[in-house]
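Worksheet for the structure shown next.
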Amino acid sequence: MMFAESSVLMQFNLKPAVRMVRGRGSYLWDEQGRRYLDFVQGWAVNALGHSPQLVRDAVVAQLDAVLNPGPAYHNEPSHALAERLAALSGFDRVFLGGSGAEANEAAVKLARKWGQRNKAGAFEVITTLDGFHGRTIAMSNATGKPGFADACAPLIAGFPKVPYGDLHAVERAIGERTVAVMVEPIQGEAGAVTPPPGYLRGLRALCDRAGILLIVDEVQTGLARTGPLFAHQHEEVRPDLMTLGKSLGAGLPISALLAREEVACFALGDHGGTFAAHAVLSAAALAVVDHLSSAGHRALRTESASDLERALLDLAARHGAKLRGRGHLWGLVLPTRRAEQVRDRCFALGLLVNAARPDVLRLMPALDVAAEEIATMGELLDAALRV
Ligand SMILES: *Cc1c(COP(=O)(O)O)cnc(C)c1O
């Protein structure tokens with residue numbers, strides 16, 4: 001594939017040498033008019049596909065009223081969104097930020113404050129190897145990819161790592177300085193790594209026994225990506241803190257930290273943000289959340305998810321691959337390390353997929369991806385894997 005560098009805009013990954021100019025639903029078009037079937041969708045962000053009408057309507061209506069009065073004044077949509085998220089999740093208090101990393105920073109900051117008050121200054125947050133939590137300096141250190149934080153050395157203390165899915169390792173790692181455990185219910189960036197059944201329930205029990213907090217990073221899994229509105233609902237556990245991002249704005253940058261009342265110990269002045277609780281972004285997210293939490297959408301995505309799983313199982317069987325993941329978040333583990341080659345071949349055929357690891361393709365389409373689109377993906381990916 002041809003890759004293009006820009007001389008002015010900083011580049012952090014190699015991108016194909018085309019510019020995307022239009023998007024609708026599951027399709028993107030480049031400036032040459034070539035069409036691509038998109039199973040990356042803004043990096044598991046565009047839950048409702050490209051440029052959904054519902055987001056457009058919410059943005060335009062709020063923009064006509066006021067874009068954003070700013071952090072010094074209340075605005076209506078941010079209160080409505082916070083109340084809706086609390087009602088749907090069972091959490092009590094909400095902070096609205098702009099990115100997943102920002103929500104996770106807020107979660108760790110809140111946990112550390114809670115530790116100062118309740119755990120004699122305990123501040124360590126146990127995270128997992130291969131986990132991903134964002135790219136700020138602290139979240140680069142919380143992230144479990146080896147070497148990930150080296151570019152912003154010195155390393156920040158307070159994020160001991162354990163293997164994902166291993167409860168004994170967490171039990172051993174908990175000490176006097178531990179204030180919380182932070183995990184993804186499914187590791188997204190690692191390529192849809194699914195833990196053994198009972199993992200979250202086991203973590204909840206360990207945290208209860210040690211009197212520490214359970215933080216679930218649902219930036220990727222949250223808002224119906226894995227089926228239920230929140231992935232921790234698969235195991236019916238009650239975390240202390242949860243973060244959301246990606247799907248929340250269906251393409252617009254908004255994130256959330258949700259906290260139980262007993263943990264929500266931020267005082268005036270402890271936290272905030274110039275764009276926190278943004279009016280236009282909140283209005284869009286409210287429309288998205290209302291849509292995703294409707295019975296109609298749940299039925300539609302359940303059917304779409306089972307079509308998708310069937311198509312991927314079929315591909316896995318035909319090409320000696322293994323399938324992992326759930327809902328609309330899947331990793332196809334290839335028998336050889338050729339995921340980037342297959343991704344590039346898919347691109348040439350007009351299909352967008354992600355190479356999450358040298359041997360793992362990740363698929364994260366819109367939650368309402370249609371049966372015909374799934375069938376087309378199956379044919380194109382089959383052709384790409386055949387070569
Ligand atoms: C994408 C992601 C983040 C970071 O979100 P940004 O919006 O890129 O800051 C954090 N945690 C998880 C699980 C993610 O998938």
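Does the stretch 335-347 hold any residues that are more than 18 Å from GLY42 (Cα to Cα) and in contact with a helix residue (DSSP H, G or I) (Cβ under 8 Å, 6 or more places away or on another chain), and which are they?
PRO335, VAL342, ARG345
Kindly indicate which of SER304, SER294, SER255 is crowded, with 18+ Cβ neighbours inside 10 Å, farther than 30 Å from ALA383 by Cα and of a type outside the set (A, V, I, L, M, F, W, C). Before the answer, list the steps.
Numbers: SER304 fails: farther than 30 Å from ALA383 by Cα; SER294 fails: crowded, with 18+ Cβ neighbours inside 10 Å.
Exactly one of SER304, SER294, SER255 is crowded, with 18+ Cβ neighbours inside 10 Å, farther than 30 Å from ALA383 by Cα and of a type outside the set (A, V, I, L, M, F, W, C), namely SER255.
Restricted to the stretch 130-145, and to residues that are touching a Gly at 6+ places or on another chain (Cβ under 7 Å) and not small (Gly, Ala, Ser), which residue is nearest to the ligand (Cβ to nearest atom)? Before you say what the answer is, go through the steps one by one.
Going residue by residue through the stretch 130-145, those that are touching a Gly at 6+ places or on another chain (Cβ under 7 Å) are 130-132, 134, 143-144.
Right, trim to not small (Gly, Ala, Ser) and you get 130, 132, 143.
Details: ASP130: 11, PHE132: 5, THR143: 8 Å.
The extreme case among them is PHE132.
Of the residues LEU48, LEU110, LEU88, LEU54, which is under 17 Å from SER247 (Cβ atoms), buried (at least 22 other Cβ atoms within 10 Å of the Cβ) and not small (Gly, Ala, Ser)? So that I can check it myself, show each step before the final result.
Details: LEU110 fails: under 17 Å from SER247 (Cβ atoms); LEU88 fails: buried (at least 22 other Cβ atoms within 10 Å of the Cβ); LEU54 fails: buried (at least 22 other Cβ atoms within 10 Å of the Cβ).
Matching residue, one of LEU48, LEU110, LEU88, LEU54: LEU48.
From ALA122, ALA138, ALA180, ALA173, grab the single residue that is within 17 Å of ASP217 (Cα to Cα) and touching a residue at least 40 places away in the same chain (Cβ under 8 Å). Before the answer, list the steps.
Working: ALA122 fails: within 17 Å of ASP217 (Cα to Cα); ALA138 fails: touching a residue at least 40 places away in the same chain (Cβ under 8 Å); ALA173 fails: within 17 Å of ASP217 (Cα to Cα).
On inspection, the qualifying residue turns out to be ALA180.
Against the conditions (1) over 18 Å from the mean Cα position of the chain (by Cα); (2) surrounded by fewer than 17 Cβ atoms within 10 Å (Cβ to Cβ), where does LEU206 fall short? Just the number, please.
(2)
State which residue is farthest from ALA47 (Cα to Cα) when the search covers only the stretch 312-333 and only residues that are aliphatic (A, V, I, L, M) and under 23 Å from the mean Cα position of the chain (by Cα).
Filtering the stretch 312-333 down to residues aliphatic (A, V, I, L, M) leaves 312-313, 315-317, 321, 323, 329, 332-333.
Next, from what is left, pick out any that are under 23 Å from the mean Cα position of the chain (by Cα): 312, 323, 329, 332-333.
Numbers: LEU312: 19, LEU323: 21, LEU329: 11, LEU332: 20, VAL333: 23 Å.
This residue is VAL333.
For the structure I just gave you, tell me whether ASP150 is surrounded by 15 or more Cβ atoms within 10 Å (Cβ to Cβ), more than 19 Å from THR221 (Cβ to Cβ) and free of Cβ contacts under 8 Å to residues at least 24 places away in the same chain. Reasoning before the result, please.
Numbers: surrounded by 15 or more Cβ atoms within 10 Å (Cβ to Cβ): no; more than 19 Å from THR221 (Cβ to Cβ): yes; free of Cβ contacts under 8 Å to residues at least 24 places away in the same chain: yes.
No.
Looking at the stretch 89-105 only, could you name the residues that are away from the ligand (no atom under 16 Å from the Cβ) and either under 19 Å from the mean Cα position of the chain (by Cα) or not in a strand (DSSP E or B) (or both)? Steps first, please.
In the first step, residues of the stretch 89-105 are kept if they are away from the ligand (no atom under 16 Å from the Cβ); the result is 89-94.
Within the stretch 89-105, SER89, GLY90, PHE91, ASP92, VAL94 meet the criteria.
Where a number appears in this text, it was derived from the coordinates with a stated rule and is not lab data. From a predicted model like this one, the values you see are computed outputs, not experimental measurements. Glycine gets a Cβ as well: all are built from the backbone with ideal geometry, and neighbour counts include every protein chain shown.
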